[in-house]
Every structure is written in structure tokens, then in C-alpha cells.
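Undergrad: A single structure is presented below for examination.
Quick note: the coordinates plus some simple rules give every number you see, no bench work behind them. Fair warning: this is a prediction, and the values are worked out from it, not measured in the lab. Here the Cβ is made from the backbone with ideal geometry for all residues, glycine too, and neighbour counts use every protein chain on show.
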Amino acid sequence: MFRLLIFVVIAAGIAEGSPVAKSLVRIEATFQEPTYKAPWNPGDVSGGVGAGFVISGNRIMTNAHVVSNARFLTVSKEGDPRPYPAKVLYVAHDCDLAVLTVEEPGFFKGTAALEFGGIPEIESTVSVYGYPIGGSRLSVTQGIVSRIDFQTYSHSGMDSHLTIQIDAAINPGNSGGPVLQGGKVVGVAFQGYSGDVAQNVGYMIPTPVAKRFLKDIGDGHYDRYVDLALSYKNLFNPAARRALGLKDNDRGVLVGSVYEGGSSEGIVKPGDVLMAIDGLPISSDATIPMDKDSVQLAEVVERKFKGDTVTLDVLRDGRPLQLRIPLNGPWPFTLHGNAYDEDPRFIIFAGLLFQPVDQNWMTECQPDDLRLRYMFDFFIEDKIYRERPEIIVLSGILADPVNAYAADFRNGILDEINGRKILKLADAAEEFAKPAEYYVIKMAGSGRPIVLERKAVEDARQRILSRYGVTKEQNL
């Protein structure tokens with residue numbers, strides 16, 4: 001995950017009268033990153049710099065990672081170095097975009113809203129604007145569009161969308177600046193590789209993604225991307241094609257899994273062959289013709305919204321069928337994505353710290369327990385979520401005589417409390433709140449439980465809170 005990513009901009013100033021200079025803003029953010037090892041603490045404070053540009057409606061577009069976990073934001077514009085307090089109107093962590101505004105009257109006076117263009121052609125030239133390290137003034141460089149592809153967006157670490165690669169070098173600096181061609185925005189600079197991995201490789205978010213984000217928030221709420229919630233495999237093998245009754249015409253992909261709780265559950269079946277999506281033929285490499293190019297079939301769904309439908313032409317047991325899929329938010333895919341702008345969830349009971357496992361927790365705590373790592377890594381693939389919607393782990397122990405023998409259970413998965421199966425963090429909170437003479441806590445795969453006497457727990461409560469400076473015992 002990147003906090004600050006920039007297409008390196010050559011130190012060349014831009015005239016203040018330029019239309020682009022009237023559109024660009026410099027964003028300064030003060031962050032407070034939560035800590036999962038001590039979730040009752042507010043976290044460390046740090047700062048960063050990013051870029052943004054004015055769009056219609058007195059709004060500023062930038063990257064989500066420029067403003068994520070921010071406690072205070074200011075923006076300044078060319079020719080006016082004064083920092084203006086700004087606020088986030090909408091943020092989309094799944095596609096790394098955000099929209100800000102400045103409430104102070106007069107800020108947008110003299111600014112010019114940039115318009116969005118289309119997808120630039122391969123080998124065409126684009127100009128990237130931003131605020132590189134080594135100076136505070138706006139600068140620009142040029143690059144060649146070298147690839148249009150689906151890539152994982154590093155901000156969420158999970159979501160893949162259309163991206164455009166250009167041959168611009170990348171240095172630490174800012175993100176969120178516009179990429180222009182013909183005076184119109186064709187992308188938003190957002191991520192790239194370090195020089196140790198690749199040279200002169202940078203990425204921008206293309207306009208179909210930016211336009212979708214703006215359309216989604218048109219009703220005053222961001223609903224996130226929708227998904228078919230299924231996996232599919234290429235069908236290159238001639239023998240496999242014959243076995244499935246397919247022609248030798250390079251058409252169709254094979255459905256592997258259909259995830260429960262997702263849009264396709266109960267409609268599409270594993271073993272179906274997807275032949276077309278919304279009338280667009282699907283090639284055996286899972287691409288479709290769109291926008292005068294060949295793109296992944298997922299791009300059709302990428303441009304739809306919650307509540308829309310998509311039509312699939314499938315071959316099932318050799319028979320053609322047409323299926324209509326109502327698109328809704330997929331569950332439980334968010335477990336493996338980085339989360340932002342939210343406090344860690346936890347319970348402290350008798351000095352035992354219980355937390356739900358997600359990508360943030362795994363990244364910070366780096367557990368080596370093999371059972372835990374398996375359940376997290378294969379949570380979706382092996383359908384572990386059927387029986388355990390959340391993985392609750394004993395993530396830490398605030399040492400005290402009341403829990404002196406619990407060290408062996410660290411990073412163990414909470415299974416039962418007083419005979420009740422624990423499926424989510426709220427279940428544990430309810431059981432710990434009930435009066436009982438003893439609290440019998442069973443961990444998955446362990447032959448012996450943790451047993452806590454109620455009186456000992458009550459006697460230790462204030463002692464533990466005071467000793468470790470715990471200001472909050474739970475956040476559900």
C-alpha cells in the first residue's frame with residue numbers, strides 16, 4: 001500500500017495564467033493512523049502532501065489515499081499560498097478516488113473546472129501534473145501511454161480496475177494530480193513501482209473509473225463497485241472445449257466458483273460456460289470487444305451500479321441459456337482489503353484482547369499461527385465464512401495474575417464462551433456481559449479452555465485498565 005505516489009515531474013514551472021494552473025491544488029493532510037496492537041490508543045500522527053484538481057460543482061478530485069485517515073486537510077492554489085481548510089465529501093477506497101470541497105467563500109473564485117475526456121490511445125502522449133519533492137510549485141512532465149489493462153489498486157490491495165500505464169518515472173511526492181491530453185483529463189495519477197522493481201512505469205486511473213465514481217455519488221451516497229462474485233477459467237485446451245460441447249471458435253470461459261452471498265449465487269452454476277455478457281462475445285481468454293479495444297469481461301460490470309442487472313449467455317450441460325443477474329455488493333470480499341477511516345474493533349476482558357481478523361490486523365500483527373493464517377487466506381476460497389462470518393482472535397494479553405496462564409493461547413481463534421459458539425465480535429461481547437460464576441473460553445483446536453473466575457475478573461478490571469492506560473474496553 002502506498003501513502004504518497006507520484007509520477008516524477010520535471011522541475012518546470014507552469015505559468016499562472018495557464019488554465020491548468022487555475023485548476024490544480026496542493027493538498028496537505030495530517031493523518032492519524034490507528035494501531036491494531038493497542039487499539040484503544042488513537043494512533044500516531046503524521047503528515048503528507050498530495051495534489052488535486054477542480055471539477056464541476058466547486059469540487060476537488062484527488063486520490064483516496066491522499067486523504068485516508070486524515071484528521072485535518074488544507075488546500076492551496078497557484079498564486080494563493082494561503083492554506084484553506086478542506087473537507088472530504090465522498091471517498092471511494094475501492095477505486096482510490098475522493099472528492100473534497102472548501103467551504104470558505106471565495107476559494108473557487110478564479111479557478112477553472114477541468115473536463116473529462118476519453119481513454120487515450122496506445123503510444124499517444126499525455127501530460128502529468130503535480131507537486132514533486134524538491135519544491136512546492138506546480139510542475140509537469142510528459143509520458144507515453146504504453147498499456148491499458150486491469151491491475152490491482154494498491155490502496156485497497158484487493159480491488160482490480162482498469163488502469164493505464166505510462167512510461168514516466170516515479171518518485172516519492174504527491175498523488176491525485178490530473179493527467180491531461182488535448183486539455184481534458186484522461187486520468188488521475190495514483191501509483192507506480194519503485195526503481196528497484198521497474199523503471200519508468202507509472203499508472204493512472206482512467207476516466208471510465210472517475211466518471212463512474214462521480215455518477216455513483218450523484219444521489220448523495222457512494223455504493224461501491226458491484227461484482228459478479230464468481231471465478232472463471234480460460235478455455236484454450238481443445239480437448240476441454242470438445243468435452244464441453246464448444247466449437248473451435250475461441251469463444252467462452254468456464255465458471256469455477258460461485259461465491260455465496262454474491263450477485264450470481266443461485267443463478268450461475270460452477271461448470272457453466274460464459275459465452276457473452278450484455279451481448280458482447282467472450283473470448284476464451286476472458287476478453288470482450290469494447291471501446292475499440294479488447295478488455296476483460298469484468299469491465300462490463302465495472303460500469304454498472306448497485307441495483308443494475310447484467311445479462312449472461314451461458315452454455316449449461318450443452319444447452320444455451322440466458323441469465324439475468326441483479327448486481328449487489330459482494331460479501332465477504334472486503335475481509336482481504338485494506339480498511340481506512342475506521343477505528344479497530346476489539347474487546348478487552350480480564351486483560352485478554354480479542355479482535356476480528358482483517359487485512360489491517362494481519363499486516364500490522366504478522367501472526368505466525370498456521371491455523372489462523374489458513375483461515376484468513378482461504379476464508380473465501382474454502383467457504384469458511386459459512387460457519388464463521390468473522391474470525392475472532394486472542395490477539396494480545398495485558399499481563400496480570402488473572403490471565404497468567406493464558407499466554408499459550410495468543411493468536412488462537414475464539415470458538416466458544418460458556419458453551420455458545422462465537423460467530424462475530426458482538427457475540428463475545430454479549431457473553432462477557434452476562435453474569436456467570438466462571439467464564440469458560442474455548443479456542444479452536446485447543447484441548448483445554450481458558451477458565452476465568454468472575455470475582456477475579458472484577459477485582460482485576462481497574463487494576464489492568466490503570467496499569468496499561470486503557471481508556472476504552474471495547475469498540476464493536
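Undergrad: Between residue 341 and residues 5 or more places away or on another chain, which pairs have amide H atoms under 5 Å apart, with H built 1.01 Å from N, and which residues are they?
TA: Amide H neighbours of residue 341: 69.
Undergrad: Moving on. Using the Cα gyration tensor of segment 326-476, with a ≥ b ≥ c the square roots of its eigenvalues, what is the shape: rounded (a/c below 1.5), prolate (a/b larger than b/c) or oblate (neither)? Show your work: numbers first, answer last.
TA: Details: a/c = 1.82, a/b = 1.61, b/c = 1.14.
The shape class here is prolate.
Undergrad: Hey, which of these cross-link pairs are over 21 Å Cα-Cα: 421/442; 37/472; 77/211; 211/304?
TA: Details: 421/442 9 Å; 37/472 14 Å; 77/211 24 Å; 211/304 11 Å.
Flagged as over cut-off: 77/211.
Undergrad: Normalising by the residue count of the chain, find the relative contact order in percent from Cα pairs under 8 Å and 6+ residues apart.
TA: On the way: 1094 pairs, mean separation 56.9, N = 476.
Normalised by residue count, the contact order of the chain is 12 percent.
Undergrad: Another question, if that's okay. Output the peptides 247-254, 233-240 sorted from most to least packed, where packing is the average of other Cβ atoms within 10 Å over each peptide's residues. Walk me through the numbers before you get to the answer.
TA: Numbers: 247-254: 15.8, 233-240: 12.8.
So the peptides 247-254, 233-240, ranked by packing, come out 247-254, 233-240.
Undergrad: When the chain is fully extended, how far beyond the present Cα-Cα distance does residue 430 get from residue 291, taking 0.36 nm per residue of separation? Please report the intermediate quantities before stating the final value.
TA: Values: separation 139, 0.36 × 139 = 50.04 nm, distance 5.36 nm.
Gain on stretching residue 430 to residue 291: 44.7 nm.
Undergrad: Does segment 230-326 come out rounded, prolate or oblate, given a ≥ b ≥ c as the square roots of the eigenvalues of its C-alpha gyration tensor, rounded meaning a/c under 1.5 and, failing that, prolate meaning a/b above b/c?
TA: Working: a/c = 1.90, a/b = 1.23, b/c = 1.55.
It is oblate, given that a/c is not under 1.5 and a/b is not larger than b/c.
Undergrad: Quick one: 3J(HN,Hα) in Hz for segment 285-302, Karplus 6.51/-1.76/1.60 with θ = phi - 60°, rounded, Gly and Pro as x.
TA: 3J(HN,Hα) across segment 285-302, in whole Hz: 9, 6, 9, 9, x, 7, 6, 6, 8, 10, 10, 5, 4, 4, 5, 4, 6, 4.
Undergrad: Say R0 is 25 Å: what FRET efficiency, to the nearest 0.05, do residue 408 and residue 37 get from their beta-carbon distance?
TA: Computed FRET efficiency for residue 408 and residue 37: 0.85.
Undergrad: Let me ask you something else. Quick one: Karplus J couplings for segment 405-418, per residue in order, coefficients 6.51, -1.76, 1.60, θ = phi - 60°, nearest Hz, x for Gly and Pro?
TA: Values per residue, Gly and Pro as x: 9, 8, 4, 5, 9, 4, 6, x, 8, 5, 10, 9, 10, 6 Hz.
Undergrad: Run the numbers for residue 109 and residue 269: contour at 0.36 nm per residue of separation, minus the present Cα-Cα distance, in nm. Numbers along the way, then the final one.
TA: Details: separation 160, 0.36 × 160 = 57.60 nm, distance 5.61 nm.
Contour length minus the Cα-Cα distance gives 52.0 nm.
Undergrad: Output ³J(HN,Hα) for segment 379-385: one whole-Hz value per residue in order, computed from phi by the Karplus curve 6.51 cos²θ - 1.76 cosθ + 1.60 with θ = phi - 60°, and x for Gly and Pro.
TA: Karplus values, whole Hz, x for Gly and Pro: 4, 8, 4, 9, 6, 5, 5.
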